[in-house]
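Please treat every number below as a calculation from the coordinates, not as lab data. None of the values given here were measured: they were computed from a predicted structure. Positions of Cβ are generated from backbone atoms using ideal geometry, with glycine treated the same way; all protein chains shown enter the neighbour counts.
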Amino acid sequence: MSVKKYLSNFYGSIEDAVRPIKFLWKLRNGTLSKDLQNNFKEITTFHYNYFCPRKYYSENIITNDQWTINPPFYIFSSYYDNRDSNYFMKNPVIQIIGSGYNMSYINEKKHFCHFFDSTTKIYLYSSPIMVRTLWKKAWDPRESFYTSFLLTCPIKNMNINVVFNIAGPYCPDKKLPLNSFVIPKEIKDKNSDIRITTCVKGLDFDEDLSLKLLEWIEWQKYFGINHITFYLYTIHENMKKVLKYYSDNDYVTIIPLTLPGVQPNDPKERSSFIKRNKQQKRRNELVPYNDCLYRHIKDSDYILVIDIDEIILPIKDMKYQELLKLIPDYKYSSIMVQNIFKFYNNNITIDKNLPLASHRFRSKNSQGKEAYAKSFINTKYASSVFTHFTLHKQFNNTMKFYLPKNVGIKLHFKDKCPEESMYECDKLINSMIEDDFLISRSDSVKKNVMKVGLLLKLLN
């Protein structure tokens, strides 16, 4: 390596290390620009561009690979979105969920969607992309990660027989891969009750959690969830049996998941990588969460982003739909539900066939309004979602609603106190109270667990 190239790499590494420190200093002193505070540059007005000559065409075909590479992006999925919003003069848009390495490099560039006729592959027009990083620097400003993005570009009205690729403000290479997009299905009966879909991030388990998974799904049904969408890396064969059973009965959608870029995808290597790299894991999770949002923006009024060791519990025995109707009518993008821990090692199991409901003790206090909280996300107002709440919104005047604890809580089943709460652990463990909310309502759930468990030979 030449001295010049070595010094260039060295100074680049120094800048990569210094940039997060500068950000934290500005955050602390209140000197961040509006764009950095919002995490994106708003585009409210725009015009279509024409970068390519007449009859320019793409030589590429659409592949079935899970990730399409349009540098610097790895594109996972794309959806047509004609909801109202503050952006792009209320034109319909394509919402693109993807990943990219080094978020500052990506945010410093201009990106465009380049549209082509889906049949002839002839170039039509280009539109600017509003790049929204699905991560806030205040959570962790380091940039040497694959970060998830929501890329939004306007599409001409009644112009759905098109495909597109992503490049800069120029005519894209003819060999740059093309992407199609999904038009989400509308709710069949708009006058029906509130529809809710549960979204579950990429599952990666080598142990057999099939009975817990089975009970968890039955609790989702009990509380009124209309559908569950699961994203899967690798799971135990018995867990696959459970998901297949509910998929065959049209209650569950199963979506296999891989990692973008040079991250490993050999199952054993990937599992080890996910366990070792928590910060990368958290950034990767935002791809399936946001894919699930857009997959269900038309067939669901809310999505519930939750893990299989969590259950939202209405204090009164009611469905989620009834609970949501108690909330004042306003533009709430997230209905936040506070977290209550249930530690396995501090409980007595009274029914081995109900590994969740039969643990009778929980911590007395929640962790506050937002720590570990989960949300019902309103699909009318959410542009993107984070693990706990709506991240970007369709309208600037929407807000969160914090559900009172005497109305509903989130039960969080853990083997032990999580590392992130280490300073609270003694207090949490020593303030356990008896809790029979689930077991007292479990008759129908147990009946279904026994029926499906015996059918799938998970129970003797």
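How large is log10 of I(q)/I(0) for the range 34-128 at q = 0.12, 0.13, 0.16, 0.18 Å⁻¹ when the intensity is taken from the Debye formula with one equal scatterer per alpha-carbon? Values, matching the q order: -0.48, -0.57, -0.88, -1.12. Where both bridge residues fall in the chain, DSSP classifies roughly 70% of the beta bridges as antiparallel. Coupling constants for the range 281-289 follow from the phi torsions by the Karplus curve (6.51 cos²θ - 1.76 cosθ + 1.60, θ = phi - 60°), and in residue order they are 4, 5, 5, 5, 4, 6, 5, x, 4 Hz; glycine and proline get x. For the chain, the mean residue ellipticity at 222 nm estimated from helices alone is -7500 deg cm²/dmol, where every DSSP H run of n ≥ 4 contributes -39500 (n - 2.57) and the total is divided by all residues, rounded to the nearest 500. For G98, nonlocal amide neighbours, meaning residues 5 or more places apart or on other chains whose placed amide H falls under 5 Å from its own, are F76, F149, L151. Restricting the range 424-460 to trypsin sites (Lys or Arg not before Pro) that sit in a DSSP loop and have at most 13 other Cβ atoms within 10 Å of their own Cβ leaves K457.
Report the residues of the range 82-114 in range of a label on N397: point 7 Å along Cα→C-beta, backbone N strictly under 20 Å from it. Inside the label zone: 83-91.
Only alpha carbons enter this Debye calculation for the range 142-257, each as an equal point scatterer, and the log10 of I(q)/I(0) it gives at q = 0.18, 0.19 Å⁻¹ is -1.06, -1.09. For K331, the lysines whose Cα falls under 16 Å of its own Cα, not counting residues fewer than eight places away in the same chain, are K380, K393, K400.
Amide H contacts under 5 Å for V162: S118, restricted to partners 5 or more places along the chain or on a different chain, H placed in the peptide plane at 1.01 Å from N. Using R0 = 30 Å, the C-beta based FRET efficiency linking V262 and T44 works out to 0.25. In a fully extended conformation the segment linking N353 and E370 would gain 2.9 nm over its present Cα-Cα distance, using 0.36 nm per residue. Bridging of K109 to lysines at a Cα separation below 19 Å is possible for K34, K41, K136, K137, once same-chain residues fewer than 8 apart are set aside. Across the range 330-335, computed HN-Hα scalar couplings (Karplus, 6.51 cos²θ - 1.76 cosθ + 1.60, θ = phi - 60°) run 7, 7, 8, 8, 9, 9 Hz from first to last residue, x flagging Gly and Pro. Axis angle, to the nearest 10 degrees, between helix 3-29 and the longest C-alpha principal axis of the chain: 50 degrees. Extending 7 Å from Cα along the Cβ direction at K90 and again at S421 yields two label points whose distance is 4.5 nm.
When only alpha carbons are used to place a centre, the range 132-194 and the range 267-282 end up 25 Å from one another.
Order of L403, L326 from fewest to most other C-beta atoms within 10 Å? Mind dumping the intermediate values first?
Working: L403 24, L326 13.
Taking fewest neighbouring Cβ atoms as first place, the list is L326, L403.
Compactness of the range 324-460, taken as the C-alpha radius of gyration over 2.2 N^0.38 Å, stands at 1.24. If you model the range 196-242 as an ellipsoid using its alpha carbon gyration tensor, with each semi-axis the square root of five times an eigenvalue, the axes come out at 19, 13, 7 Å, biggest first. Remark: the range 217-232, residue by residue, has Karplus-estimated 3J(HN,Hα) of 4, 5, 5, 4, 4, 4, 8, x, 5, 7, 7, 10, 10, 9, 10, 10 Hz, where x stands for each Gly or Pro and the curve is 6.51 cos²θ - 1.76 cosθ + 1.60 at θ = phi - 60°.
Residue order for H111, H296, fewest other beta carbons within 10 angstrom first, comes to H111, H296.
Using only C-alpha positions, report the orientation-averaged shadow area of the convex hull of the chain, nm², one decimal.
Averaging across all directions leaves 25.4 nm² for the Cα convex hull.
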